[in-house]
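The structure follows.
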Amino acid sequence: MFFNAEFHNDAYFEDTKFHDCVSFDNAIFNKDIILNFERCVLENYINLKVKKCSYINLEESINRDIIDFKPRRNQEVSIEKLNLFNMKNLGHIYIDWDKNNVNSAIEKKFNNKYEYKANQYRMLKENYHQLGEYEQEDKAYVEFKKNKLLADKGNIGYYIKKFLFQTIGDFGTNPKKVACSMFGAIIIFSMLYYLPSIFDYQLIGGNNLGNSYIYSNEIVKSIYYSVVTFLTIGYGDIHPLNLFGMIISGFEGFIGLFLMSYFTVSFVRKVLR
């Protein structure tokens, strides 16, 4: 037991098998001191609620029980760098994404090593799922997918994938963001239909429109037509008048199908959990 202990030298436990529980509760590791469990087999409860530590290394270790990082109420826990690379988690890891600054601790250690970071976020994502901590699972999943994407940054499709999957909806974890993207797309296409009419070039119109306010006001008509097209309703009261109108309408219909499907997946994912 190392409860309230203060370390002035590195603590190395490489290639060690722990049969009994070990506690570093409230321990202080002075500047640049390392707590190293590399390639260890942890078969019992390990308390890592350290008060201060520059670097905790669990690379290639095997956890068969519980590793506990999660601070108690009003407890101060500070881990500057964390390494969970290639760790096999056969038990549970209690670690709070925000209070333990998980993202910051992994980022500081691995910086631009995207594959290394993706490996750890994937493990944490699965761990949070087993614990039923779905909000934290989503955060780990987003970081996992983001780093997998960054690892392929040189590929031609990187920016397309980033926009379609990350920017629009955080890889299907954020239905609110997808809904905002849908609203933004409708407004953008409304402007594409409206702006040419300023120069007396109509992209959309229709017969027997009467004196309705919706049909006589170009801005309102453009928004209405954009909504109907985006949602693939297609009433037919307003339709494209030329090739440009047809191309833009077809493109908006495709974007509408994609974003509605994306929203459905992300929304149902939240509801079912």
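The values are calculated or read from the model by the stated rules, or taken from the named source; none is laboratory data. A quick note: this is a predicted structure, and the numbers were derived from the prediction, not measured. Counting neighbours? That spans all protein chains shown, and the Cβs are built from the backbone with ideal geometry, glycine included. All accessible areas refer to the heavy atoms of the entire protein, side chains included, with ligands and DNA or RNA removed. Shrake-Rupley method; radii C 1.70, N 1.55, O 1.52, S 1.80 Å.
Taking the conditions exactly as written (over 25 Å from Gly132 (Cα atoms), at pLDDT below 95 and surrounded by fewer than 15 Cβ atoms within 10 Å (Cβ to Cβ)), does Lys52 satisfy them or not? Spell out how you get there, then give the answer.
Details: over 25 Å from Gly132 (Cα atoms): yes; at pLDDT below 95: yes; surrounded by fewer than 15 Cβ atoms within 10 Å (Cβ to Cβ): no.
The answer is no for Lys52.
Let me ask something else. Determine whether Val77 is of a type outside the set (Lys, Arg), surrounded by 18 or more Cβ atoms within 10 Å (Cβ to Cβ) and out of contact with any strand residue (DSSP E or B) (no Cβ under 8 Å at 6 or more places or on another chain). Spell out how you get there, then give the answer.
Working: of a type outside the set (Lys, Arg): yes; surrounded by 18 or more Cβ atoms within 10 Å (Cβ to Cβ): yes; out of contact with any strand residue (DSSP E or B) (no Cβ under 8 Å at 6 or more places or on another chain): yes.
Spelling it out, Val77 is indeed of a type outside the set (Lys, Arg), surrounded by 18 or more Cβ atoms within 10 Å (Cβ to Cβ) and out of contact with any strand residue (DSSP E or B) (no Cβ under 8 Å at 6 or more places or on another chain).
Something else: Which is closer than 30 Å to Lys125 by Cα, touching a Ser or Thr at 6+ places or on another chain (Cβ under 9 Å) and either open to solvent by less than 70 Å² (accessible area, probe 1.4 Å) or of a type outside the set (A, V, I, L, M) (or both), of Ser249, Ser261, Ser197, Ser266?
Numbers: Ser249 fails: closer than 30 Å to Lys125 by Cα; Ser261 fails: touching a Ser or Thr at 6+ places or on another chain (Cβ under 9 Å); Ser197 fails: closer than 30 Å to Lys125 by Cα.
One residue alone meets the criteria, Ser266.
Among the numbered conditions (1) assigned to a helix (DSSP H, G or I); (2) free of Cβ contacts under 8 Å to residues at least 24 places away in the same chain, tell me where Asn74 comes up short.
The number of the failed condition is (1).
Here's the yes/no breakdown for (1) under 30 Å from Asn57 (Cβ atoms); (2) more than 10 Å from the chain's Cα centre (by Cα):
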residue	(1), (2)
Leu124	yes, yes
Lys139	yes, no
Lys145	yes, no
Leu149	yes, yes
Gly157	no, yes
Ile168	no, yes
Phe171	yes, no
Met182	no, yes
Ala185	no, yes
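Do we find that Leu90 is under 24 Å from Tyr128 (Cβ atoms) and open to solvent by less than 40 Å² (accessible area, probe 1.4 Å) in this structure?
Working: under 24 Å from Tyr128 (Cβ atoms): yes; open to solvent by less than 40 Å² (accessible area, probe 1.4 Å): no.
No.
Filter the range 55-74 for residues that are out of contact with any Lys or Arg (no Cβ under 8 Å at 6 or more places or on another chain) and at negative phi; which is most open to solvent (accessible area, probe 1.4 Å)?
Among them, the one singled out is Arg73.
Anything in the range 1-35 that is of a type in the set (Val, Ile, Thr), in a loop (DSSP other than H, G, I, E, B) and open to solvent by 30 Å² or more (accessible area, probe 1.4 Å)? List them, or say none. Steps first, answer last, please.
Here is the first cut: in the range 1-35, the ones of a type in the set (Val, Ile, Thr) are 16, 22, 28, 33-34.
Narrowing the set further to residues that are in a loop (DSSP other than H, G, I, E, B) leaves 16, 33.
Passing the criteria: only Thr16.
At least 3 residues that are modelled with pLDDT of 95 or more and farther than 30 Å from Tyr134 by Cβ in each: list the helices (runs of 4 or more DSSP H) lying fully within the range 177-273 that qualify.
Values: elements: 213-216, 218-230, 243-272.
Counting at least 3 such residues, we get 218-230, 243-272.
Being surrounded by fewer than 19 Cβ atoms within 10 Å (Cβ to Cβ), hydroxyl-bearing (Ser, Thr, Tyr) and assigned to a strand (DSSP E or B) is the requirement here; does Ser104 meet it? Even if it seems obvious, please write down each step before you answer.
Working: surrounded by fewer than 19 Cβ atoms within 10 Å (Cβ to Cβ): yes; hydroxyl-bearing (Ser, Thr, Tyr): yes; assigned to a strand (DSSP E or B): no.
Taking the combined requirement at face value, the residue does not satisfy it.
Considering only residues that are surrounded by 14 or more Cβ atoms within 10 Å (Cβ to Cβ) and of a type in the set (A, V, I, L, M, F, W, C), look in the range 230-243 and name the one that is farthest from Asp200 (Cα to Cα). Walk me through it before giving the result.
Step one: list which residues in the range 230-243 are surrounded by 14 or more Cβ atoms within 10 Å (Cβ to Cβ), which gives 230-231, 237-241.
So of that shortlist, the ones also of a type in the set (A, V, I, L, M, F, W, C) come out as 230-231, 238, 241.
Details: Phe230: 24, Leu231: 27, Ile238: 17, Leu241: 13 Å.
Selected residue: Leu231.
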